[in-house]
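Taking it in order: structure first as structure tokens, then the write-up.
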Amino acid sequence: MSVMEEKESKPKKVSHDDDKVIDFGKLEKELDEAVVADARYWRENDAKFRAVHQKVATYDEFRDIVLASHLKPLEKDDRLTDMKFTQPWNVHASKKEDTANKPDHADIPKETVYPTSGQTFIREWRKLNKETSQQYSYLLELGGERLGKIFKPEIGFGLLGEFAHCLNCELKDQDVCEVLKILEKLAETNRFKLTLDFLSKKEKEDINELFEKIRNSKTEETDDSVADIGSSLASIEKLYGIKK
């Protein structure tokens with residue numbers, strides 16, 4: 001057998017690489033996703049620096065700026081299409097009617113799970129839109145024990161002043177015991193004295209007026225209960241630095 005015939009008779013080696021097919025469609029999709037992710041990273045990173053430069057007051061404002069970093073203002077040639085705007089004939093009358101028919105508890109969060117941290121609390125608190133009657137109801141609904149646990153690390157976000165304001169505006173005689181419990185538990189949180197020192201003059205006035213209203217309140221409790229309230233009030237006033 002010649003050398004040429006011997007070479008032809010040998011079986012050819014099959015390359016397994018021939019069976020591998022590159023999926024260019026998949027590669028293109030992965031590349032597009034990587035480009036989008038990279039653009040999002042730098043966009044949100046710029047938004048973070050912008051938020052810090054603006055010196056936002058709360059973490060929620062910081063987060064909102066970052067989450068809205070993908071939004072762009074309308075250009076001159078942009079058009080709003082397929083949008084219907086309904087203009088009531090009397091805006092002020094409509095607002096008065098809605099306010100009159102709305103119960104105090106209408107906007108209180110309906111979640112069965114209450115907030116467990118300052119961050120989750122502030123999100124629900126802001127939904128009340130500074131309506132003191134609704135804020136008051138929400139604080140009483142949570143109660144002193146729960147509020148004390150939520151703010152155990154610290155009462156941040158300037159909330160102590162807001163609490164004092166709504167309690168002072170809406171205090172009712174029948175709620176005195178619950179309000180004292182709230183004040184007591186808030187005073188047990190960490191760095192409370194420091195938080196108290198940072199209150200504005202108006203917020204400190206709210207606290208003084210609140211305690212004065214509590215002292216002058218007329219409860220329907222028994223004599224023993226009234227005595228207990230007086231004892232608790234005196235000790236809590238010391239915590240808040242109230243000078244008679």
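Here are a few things to note about the model shown:
- Subset of region 166-215 [small (G, A, S) and either free of Cβ contacts under 8 Å to residues at least 24 places away in the same chain or surrounded by 15 or more Cβ atoms within 10 Å (Cβ to Cβ) (or both)]: A187
- Hey, E145 acidic (D, E) and closer than 27 Å to S231 by Cα or not: yes
- When we screen E141, E205, E131 for residues that are over 19 Å from the mean Cα position of the chain (by Cα) and more than 20 Å from E61 (Cβ to Cβ), the only hit is E205.
- Yes/no for F163 being within 23 Å of G241 (Cβ to Cβ), in contact (Cβ under 8 Å) with a residue 24 or more places away in the chain and either of a type in the set (A, V, I, L, M) or surrounded by 19 or more Cβ atoms within 10 Å (Cβ to Cβ) (or both): yes
- Apart from one condition, V56 fits all of (1) surrounded by 10 or more Cβ atoms within 10 Å (Cβ to Cβ); (2) outside any helix (DSSP H, G or I); (3) at pLDDT 75 or above; the exception is (3).
- For A47, the test of being under 24 Å from the mean Cα position of the chain (by Cα), over 30 Å from L183 (Cα atoms) and either at pLDDT 70 or above or loosely packed, with under 12 Cβ neighbours inside 10 Å (or both) is passed.
- Applying a threshold of 7 Å to beta carbon distances and a minimum spacing of six or more residues, or different chains, the list of pairs starting in region 113-134 at a residue that is surrounded by 15 or more Cβ atoms within 10 Å (Cβ to Cβ) and ending at one that is among the aliphatic types (A, V, I, L, M) reads Y114/L142; P115/I150; G118/I150; F121/I150; Q134/I108; Q134/L128.
- Pair list, Cβ under 8 Å, 6 or more apart: region 42-55 residue farther than 13 Å from L67 by Cα, other residue among the aliphatic types (A, V, I, L, M) and assigned to a helix (DSSP H, G or I): Q54/I65
The values are calculated or read from the model by the stated rules, or taken from the named source; none is laboratory data. Just so we're clear, the structure is a prediction, and the values are computed from it rather than from any experiment. All Cβ positions, glycine included, derive from the backbone under ideal geometry; neighbour counts span all protein chains shown.
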